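Please read the structure below before turning to the comments.
The values are calculated or read from the model by the stated rules, or taken from the named source; none is laboratory data. In this text the structure is predicted, and so the values were computed from the model without any measurement. Note that we place each Cβ from the backbone using ideal geometry, even for glycine, and neighbour counts take in every protein chain shown.
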Amino acid sequence: MVRVAAVRGVRLPVAVRGVRLPVALVATLLLAGCSTTPRSKEMRVAVSLPRTHPHPLLVHVEGGGRADWQVHDYPFQLAVAQSLVSAKAFSSVVKQGDTGYRLDVVLGDLRQPIGGLNEPTQMTVLWSLSSLETGETVWQELVASTGHSTNFFGAWRIRNAAEEAARENIRQAIERLAEADLPREHGAR
């Protein structure tokens with residue numbers, strides 16, 4: 001018969017195949033955060049830019065992962081949009097429209113370590129800005145970034161490193177986009 005102890009409302013076996021409670025608790029805590037999706041609020045950046053593009057912007061993100069530990073499309077899109085609004089990079093960020101620009105963001109390679117306390121997470125994202133009026137691509141950059149985390153718990157370490165890599169990627173893209181020489185009026189360069 002296996003004895004059971006209650007820990008904050010969770011029933012845990014006292015002994016699991018000869019493993020004592022402290023070892024089982026540590027293993028449980030290490031694995032407890034396995035479904036830790038990177039959060040949009042932790043991917044946002046505050047960037048101060050020298051100028052604002054005088055056009056509205058529509059943001060679209062695709063290519064994100066489906067697993068819990070991967071960066072998903074919607075949280076990344078939300079982080080990008082909120083970061084652009086905060087930076088005042090464009091006159092506004094809109095959900096739909098037919099004037100201004102469209103920023104297409106394709107989440108590419110996300111390499112996350114399996115183990116180790118300070119191994120980097122690497123992220124590659126393709127950023128493309130096109131005119132909503134003409135469809136012409138006016139700016140495109142492939143941005144690579146790295147994130148680290150020394151959090152003791154494995155799943156949280158992976159999430160925090162992915163959030164840092166995403167933050168750095170968004171920061172680099174917004175800074176490069178701000179430097180882009182965009183047409184003042186669509187159709188004219």
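Of the candidates Val93, Val105, Val125, Val80, the single residue that is out of contact with any Ser or Thr (no Cβ under 7 Å at 6 or more places or on another chain), surrounded by 15 or more Cβ atoms within 10 Å (Cβ to Cβ) and part of a helix (DSSP H, G or I) is Val80. Selection of the stretch 117-137 for residues being within 16 Å of His60 (Cα to Cα), among the β-branched types (Val, Ile, Thr) and touching a helix residue (DSSP H, G or I) at 6+ places or on another chain (Cβ under 7 Å) yields only Val125. Of the set (1) at pLDDT 85 or above; (2) within 14 Å of Met43 (Cα to Cα), all apply to Arg159 but (1). Is it fair to say Trp139 is in contact with an Asp or Glu (Cβ under 7 Å, 6 or more places away or on another chain), in a strand (DSSP E or B) and under 28 Å from Asp181 (Cβ atoms)? Considered against the rule, which asks whether it is in contact with an Asp or Glu (Cβ under 7 Å, 6 or more places away or on another chain), in a strand (DSSP E or B) and under 28 Å from Asp181 (Cβ atoms), Trp139 comes out as no. All told, Ala46 falls short of being hydrophobic (A, V, I, L, M, F, W, C), free of Cβ contacts under 8 Å to residues at least 24 places away in the same chain and outside any helix (DSSP H, G or I). Filtering the stretch 129-175 to residues that are more than 20 Å from Gln82 (Cβ to Cβ) and among the small types (Gly, Ala, Ser) leaves Ser130, Ser131, Gly135, Ala144, Ser149, Gly154, Ala155, Ala161. Residue under question is Val61, and the condition is that it be modelled with pLDDT under 90, assigned by TED's automatic domain parsing to the domain that holds Gln112 and either touching a strand residue (DSSP E or B) at 6+ places or on another chain (Cβ under 8 Å) or assigned to a helix (DSSP H, G or I) (or both); does it hold? So Val61 fails the test.
Across the stretch 54-79, the qualifying residues are those that are among the hydrophobic types (A, V, I, L, M, F, W, C) and out of contact with any Phe, Trp or Tyr (no Cβ under 9 Å at 6 or more places or on another chain), and the one among them that is farthest from Arg39 (Cα to Cα) is Val59. Among the residues of the stretch 170-184, is there at least one that is assigned by TED's automatic domain parsing to the domain that holds Pro50, touching a helix residue (DSSP H, G or I) at 6+ places or on another chain (Cβ under 7 Å), charged (D, E, K, R) and modelled with pLDDT of 90 or more? The answer is no; no qualifying residue exists. Of the conditions (1) touching an Asp or Glu at 6+ places or on another chain (Cβ under 7 Å); (2) under 19 Å from Ile170 (Cβ atoms); (3) crowded, with 17+ Cβ neighbours inside 10 Å, Leu132 clears all except one; give me its number. All conditions are met except number (2). Scanning the stretch 149-165 for residues that are in contact with a Leu (Cβ under 9 Å, 6 or more places away or on another chain) and surrounded by 24 or more Cβ atoms within 10 Å (Cβ to Cβ) yields a count of 3.
The residue that is farthest from Val105 (Cα to Cα), among those in the stretch 49-86 that are among the small types (Gly, Ala, Ser) and free of Cβ contacts under 8 Å to residues at least 24 places away in the same chain, is Ala67.
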